[in-house]
Amino acid sequence: MSCRIGMDVGGTNVVTGLFDSEGRLLRRSKVRTIKLSSCELIQQLAGQCKEILAAEGVRESELEAVGIGLPGFIQSESGVVSSANLPFNDVPVATRLQQLLGVPVAVENDVKMVVYGEYLHGAGKGYSHVLGLTIGTGMASAWVSDGRLHEGAGGLAGEIGHISFPDISYMCGCGMKGCLETVASTAGIARQARDGLKAGWVGLLAERFPPEIRDELTSHDVWQAYLDGDAFAGQVFQRTANWLSRVLVPSIALLSPDVIIVGGGVAAAGDIFFDSLRSYVSASLHPLYRERLRIVPPSLGDDGGLYGSAEFALKSRKIGLRI
Ligand SMILES: [Zn+2]
């Protein structure tokens with residue numbers, strides 16, 4: 001039996017999935033990310049691969065390829081990674097891991113891998129043109145067309161979270177002011193609510209978060225307050241959907257996707273977010289686009305990146321990259 005491994009490596013957890021030759025997920029593991037040095041993290045990734053093979057009783061010689069989704073800027077041809085959330089600054093992750101494991105290793109941006117997984121096996125299955133976004137700690141997008149994941153010049157396609165708007169006043173971690181990601185992210189939802197409370201909002205959020213504990217407020221608290229009937233909390237999600245629509249509308253006109261998959265912690269807010277987003281996007285599009293418009297949540301839960309990276313590794317191996 002041949003098999004492959006897909007990994008989703010974040011600042012908090014390393015999730016590893018072992019797949020059989022038919023692409024079925026056999027086993028999944030999750031451990032805390034070791035972030036002390038690039039060497040230790042690469043050793044940890046190799047160790048997780050060996051552990052999951054042993055746990056399933058699969059010989060290491062049966063492993064065909066390993067794919068990894070990581071947050072940050074990835075030069076996918078060379079597998080060199082620079083990431084603000086991981087101890088990688090121009091580190092050739094693919095090459096080093098390949099030396100440790102003895103099989104081809106493909107490395108790509110984590111959002112691209114999630115969207116690729118959804119295209120193959122999730123909410124994008126059966127469609128030719130799939131646009132996907134993740135709005136979580138950060139925000140990014142990916143575009144798959146006729147089976148091809150679009151990289152763009154320098155591999156930079158999809159970084160829509162760092163488009164800057166003059167009416168967004170927050171500084172972004174990237175060094176720019178007014179990036180979409182500063183409001184359309186889990187931290188952005190909390191930030192908007194904290195600033196609203198400072199400006200005098202009344203209601204459930206104000207009662208639950210008096211000034212002395214206001215800094216503890218999270219996006220989940222905003223969502224809970226909305227569910228409990230707080231009008232201001234609902235407005236935070238509507239406003240965020242409105243900002244996001246400014247980027248989605250031109251993207252839809254430019255690419256004409258069959259389906260748009262929106263995932264991540266903010267999208268988990270559900271109808272309040274999706275209904276607002278559909279409404280704002282529809283209002284600005286030509287009827288021909290509106291009739292086709294499908295904006296949906298992902299269907300693979302947290303496993304989209306595992307499916308995407310495992311398949312991407314196999315595809316990269318077949319076309320001869322990184323060998
Ligand atoms: Zn930015």
Odd one out for A231 among (1) under 23 Å from L277 (Cβ atoms); (2) within 16 Å of the ligand (Cβ to nearest atom); (3) modelled with pLDDT under 95 = (2)
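Listed here are the residues, each with its yes/no results for (1) at negative phi; (2) touching a strand residue (DSSP E or B) at 6+ places or on another chain (Cβ under 8 Å); (3) part of a loop (DSSP other than H, G, I, E, B).
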{"position": "G265", "(1), (2), (3)": "yes, yes, yes"}
{"position": "A268", "(1), (2), (3)": "yes, no, no"}
{"position": "I272", "(1), (2), (3)": "yes, no, no"}
{"position": "V281", "(1), (2), (3)": "yes, yes, no"}
{"position": "R290", "(1), (2), (3)": "yes, no, no"}
{"position": "G304", "(1), (2), (3)": "yes, yes, no"}
{"position": "Y307", "(1), (2), (3)": "yes, yes, no"}
{"position": "S316", "(1), (2), (3)": "yes, yes, no"}
Looking at S61, S37, S78, which is the one that is modelled with pLDDT under 90, polar (S, T, N, Q) and either surrounded by fewer than 17 Cβ atoms within 10 Å (Cβ to Cβ) or over 21 Å from P104 (Cβ atoms) (or both)?
-> S78
Subset tally (residues that are more than 16 Å from R239 (Cα to Cα), assigned to a helix (DSSP H, G or I) and over 26 Å from the mean Cα position of the chain (by Cα)) for the range 191-227 | 10
Residues that are touching a residue at least 40 places away in the same chain (Cβ under 8 Å) and under 24 Å from K50 (Cβ atoms), drawn from the range 82-94 = L86, P87, F88, V91, V93, A94
Return a yes/no flag: does the range 118-136 have any residue that is buried (at least 24 other Cβ atoms within 10 Å of the Cβ) and in a helix (DSSP H, G or I).
-> yes
Y226 meets each of (1) surrounded by fewer than 19 Cβ atoms within 10 Å (Cβ to Cβ); (2) aromatic (F, W, Y); (3) in contact with a helix residue (DSSP H, G or I) (Cβ under 6 Å, 6 or more places away or on another chain) with one exception, condition (1)
Residues (over 20 Å from the mean Cα position of the chain (by Cα) and within 24 Å of D90 (Cα to Cα)) located in the range 154-187 = G175, M176
Exclusive hit being touching a helix residue (DSSP H, G or I) at 6+ places or on another chain (Cβ under 9 Å) and away from the ligand (no atom under 16 Å from the Cβ), set H162, H129 = H129
(1) closer than 16 Å to L101 by Cβ; (2) out of contact with any Gly (no Cβ under 8 Å at 6 or more places or on another chain) all hold for M7 apart from (2)
Every listed condition ((1) under 12 Å from A310 (Cβ atoms); (2) over 20 Å from the mean Cα position of the chain (by Cα); (3) surrounded by 15 or more Cβ atoms within 10 Å (Cβ to Cβ)) holds for R96 save (1)
The one condition in (1) without any contact (Cβ under 8 Å) to a residue 12 or more places away in the chain; (2) within 16 Å of the ligand (Cβ to nearest atom) that P210 fails to fulfil | (2)
The lone exception for S185 - which of (1) away from the ligand (no atom under 16 Å from the Cβ); (2) touching a strand residue (DSSP E or B) at 6+ places or on another chain (Cβ under 9 Å) it fails | (1)
Within the range 173-201, the residues that are within 18 Å of V247 (Cα to Cα) and surrounded by fewer than 20 Cβ atoms within 10 Å (Cβ to Cβ) are M176, K177, G178
Give G117, G79, G72 a once-over and let me know the one that is over 20 Å from R148 (Cα atoms) and in contact (Cβ under 8 Å) with a residue 12 or more places away in the chain.
-> G72
Of the numbered conditions (1) surrounded by 23 or more Cβ atoms within 10 Å (Cβ to Cβ); (2) within 13 Å of the ligand (Cβ to nearest atom), S141 fails exactly one; give the number of that condition.
-> (2)
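The values are calculated or read from the model by the stated rules, or taken from the named source; none is laboratory data. Here the structure is a predicted model, which is why all the values come from computation and not from measurement. Cβ sites come from the backbone with ideal geometry, for glycine too, and all protein chains shown count toward neighbours.
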